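Before any comments, here is the structure.
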Amino acid sequence: MKFTAFLVGCGLAASARAIVEDAIDLFDFVVIGGGTCGLAVAARLSEIENISIAIIEAGNDERNNANVTDPSLFTVAFGTPIDWTYKSVAQPHLGNRQLDYHSGKAWGGSSAINGMTYIRADAVQIDAWERIGNKGWNWDNLYPYYKRIEQFSPPTPEQSAVGASYIEELHGENGPVHVGYPFFLTNSSLFDIAYKTWQKLGIPYNQDPNGGSLRGFSAWPQTLDREANIRSDSATAYFHPVQDRPNLKIFNGVARRITWDDEANTGSGSNLVARGVEFITNEGVKQIIHAKREVILSAGSLRSPAILELSGVGNPDILSKHGISTTRALSAVGENLQDQPQTSIFYQNSQVINGSAPYVAYADAWDIFGESTSNIAAATKEKLSEWAGIISKSNNNAVSPDSIQHVFQIQHELIFRQNVSVSGTLTTASGDQLTSVFWGLLPFSRGSVHISSEDPLEHPLIDPNFYLIDWDLRPMVELCKLARKYWSTEPAGALAVGELVPTLETVPDDATDEQWVDWLKLASISNMHPAGTLAMMPEELGGVVDHTLTVYGTRNVRVVDASVMPFQVGGHLTSTLYAITERTVDIIRDGIAVHASMDGGLPLEN
């Protein structure tokens, strides 16, 4: 390693600038992004003997920042320097509003500022990944990794009395990520009230939603170290314990682009070979780190597509707008963005409740639509072709209507034949206020993320395209009605003494669907679960990475973050992202073992 680059890694870039502007280091793996997946994949790879790993991360070590560590301060970090504070483009179906996208700019990325919820996907949703063409990506194969990451703390008797529950065999005991329930769970009778109210509304109790079936009411666990009362993010779980390993270095800066090996990248149809990453330190110095084996892109759904585009991999029409030469045409880069619209209804509470109340109810289509479900299923199936055409037109045919329709058919089956959960509703209380926060889990709308400039410091253009497919409003309307019904049903009804938002003046008690739609368009925000922008699917379906998470048309660029998920999932992203990371590390390990036996450990030869 060159000494000047080591100075940069230690935060002494000002001295390095005086010596050299473009220092070069050589590592086996270069990981772009020290976030949820990036630190986990780097830490796991550092266990391999004679393998060196560099991480490029714009944020800093925030282990002493209470806004990160204190589980009770969720949302306080939003808008601070450890938040990228992205904005979406104006949303035409949301009153032309721009939406906030909070994303962690710190060691640990968004796992350092998220809501810490730990809920896995429905099993059939993961099975759908394999159905769409990703060999080996199914629930049975991913489930051991879900357990591997966990160090679960069973609830105390006091926590059990207010709703904390689990099934022992579903959880891991020795993993790096602490999972459990906070000591400050509410000490009121709210759990019993919520439990009885949801039972009356037909939502059953689910003792543990982490077994592959989400539907039902439960208290959700969180990624926290209960005994220490601190957040458990990927920095504390994976990186801090091993950061002094000599084969593991973190460099502070923003990745600009992947650099390519010109000599290897010759010949018609040859796969690109990445040889490093160019990045800009926080002091403005350009650096290049060379990768002997792989570049692993782990900057998240909102940033990883932009880095590929800045590297010349993407839709030529988009790249040429910004003066970027196309190194590998891959039109689906940045497309397929899936996010979940979220809305809240607030009531005045007749009591004052202290503590945390993470009570969630997951519902399937039958819970939402009742006896109309079969007719709705038939009607929506007839619309899939039309919707696919709308999505394709919105991305200038970067992905064909036929490809999108194929994906939609699988999604339709998940919703109406396999009965996955299609909504989540958090019914909670804080002080003298009651809240129903609800979100649609599997919208058909698709958006995009693309570069706004050839300058890597400029934020990308984020367009979730909420309600582009207007059917996505239909379950949200039903959830609005369900929220009102919940807070008027005993025993929860005894708590709610007045609606604060939207109020009966804004949306009458006998409101039409059209009135609810008008309100939703002004009240919906992002659930901040963007996924799918570099989807793991066959390339002909609009995929960007294959089943090994390798970017099509490259030999050694892999993506490990939420952008590879082909579909949204019902549970929160964090648990599934850690499981994806652990499985991918095993895929990499297997590849290293094969190449070591073939050519002495060098996986790439020019």
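Values computed for the structure shown
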item: Sole exception among (1) under 26 Å from the mean Cα position of the chain (by Cα); (2) without any contact (Cβ under 8 Å) to a residue 24 or more places away in the chain for ASP402, by number; result: (1)
item: Which numbered condition PRO144 fails, given (1) in a loop (DSSP other than H, G, I, E, B); (2) free of Cβ contacts under 8 Å to residues at least 40 places away in the same chain; (3) exposed (fewer than 15 other Cβ atoms within 10 Å of the Cβ); result: (1)
item: Among (1) touching a Leu at 6+ places or on another chain (Cβ under 6 Å); (2) surrounded by fewer than 23 Cβ atoms within 10 Å (Cβ to Cβ), the one test that SER448 misses; result: (2)
item: Pairs where the first residue, in the stretch 42-70, is more than 15 Å from ALA106 (Cβ to Cβ) and touching a residue at least 60 places away in the same chain (Cβ under 8 Å) and the second is small (Gly, Ala, Ser) and outside any loop (DSSP other than H, G, I, E, B), C-beta under 7 Å, 6+ apart; result: ILE53/ALA42
item: Members of the stretch 152-166 found to be in a helix (DSSP H, G or I), of a type outside the set (A, V, I, L, M) and closer than 17 Å to ALA194 by Cβ, listed by number; result: GLN159, SER160
item: Hits in the stretch 217-257 - residues which are in the same structural domain as ILE56 (by TED's automatic domain parsing), charged (D, E, K, R) and under 24 Å from the mean Cα position of the chain (by Cα); result: ARG256, ARG257
item: Hits in the stretch 62-95 (condition: surrounded by 13 or more Cβ atoms within 10 Å (Cβ to Cβ) and on the phi > 0 side of the Ramachandran plot); result: THR85
item: Within the stretch 164-192, considering residues that are at pLDDT below 95 and of a type in the set (Gly, Ala, Ser), the one surrounded by the fewest Cβ atoms within 10 Å (Cβ to Cβ); result: SER189
item: Qualifying positions in the stretch 297-342 - crowded, with 23+ Cβ neighbours inside 10 Å and either hydroxyl-bearing (Ser, Thr, Tyr) or at pLDDT below 95 (or both); result: SER298, SER301, SER304, SER311
item: For ALA365: the one exception among (1) surrounded by 17 or more Cβ atoms within 10 Å (Cβ to Cβ); (2) in contact with a Leu (Cβ under 6 Å, 6 or more places away or on another chain); result: (2)
item: Positions within the stretch 301-325 being free of Cβ contacts under 8 Å to residues at least 40 places away in the same chain and over 26 Å from MET565 (Cβ atoms), in sequence order; result: SER320, LYS321, SER325
item: Qualifying residue in the stretch 362-372 (condition: assigned by TED's automatic domain parsing to the domain that holds ASP463, more than 22 Å from ARG417 (Cβ to Cβ) and among the β-branched types (Val, Ile, Thr)); result: no
item: Tally of residues being closer than 30 Å to ASP364 by Cα, outside any helix (DSSP H, G or I) and either touching a Phe, Trp or Tyr at 6+ places or on another chain (Cβ under 7 Å) or polar (S, T, N, Q) (or both) across the stretch 545-571; result: 4
item: The lone exception for GLY370 - which of (1) touching a Phe, Trp or Tyr at 6+ places or on another chain (Cβ under 6 Å); (2) of a type outside the set (S, T, N, Q); (3) surrounded by fewer than 16 Cβ atoms within 10 Å (Cβ to Cβ) it fails; result: (1)
item: Failed item in (1) of a type outside the set (D, E, K, R); (2) part of a strand (DSSP E or B); (3) buried (at least 20 other Cβ atoms within 10 Å of the Cβ), with VAL352 passing the rest; result: (3)
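Conditions tested, residue by residue: (1) crowded, with 18+ Cβ neighbours inside 10 Å; (2) over 23 Å from ASN50 (Cα atoms).
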site	(1), (2)
SER232	yes, yes
TYR238	yes, no
PRO241	no, no
LYS249	yes, no
ASN252	yes, yes
ARG257	yes, yes
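This table checks each residue for (1) more than 16 Å from ALA579 (Cα to Cα); (2) surrounded by fewer than 17 Cβ atoms within 10 Å (Cβ to Cβ); (3) without any contact (Cβ under 8 Å) to a residue 60 or more places away in the chain; (4) of a type in the set (Lys, Arg).
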| site | (1), (2), (3), (4) |
| --- | --- |
| GLN98 | yes, yes, yes, no |
| ILE113 | yes, no, yes, no |
| ILE119 | no, no, no, no |
| GLN125 | no, no, no, no |
| TRP129 | no, no, no, no |
| GLY136 | no, yes, no, no |
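The values are calculated or read from the model by the stated rules, or taken from the named source; none is laboratory data. Since the structure is predicted, the reported quantities are computational estimates derived from the model, not experimental observations. All Cβ positions, glycine included, derive from the backbone under ideal geometry; neighbour counts span all protein chains shown.
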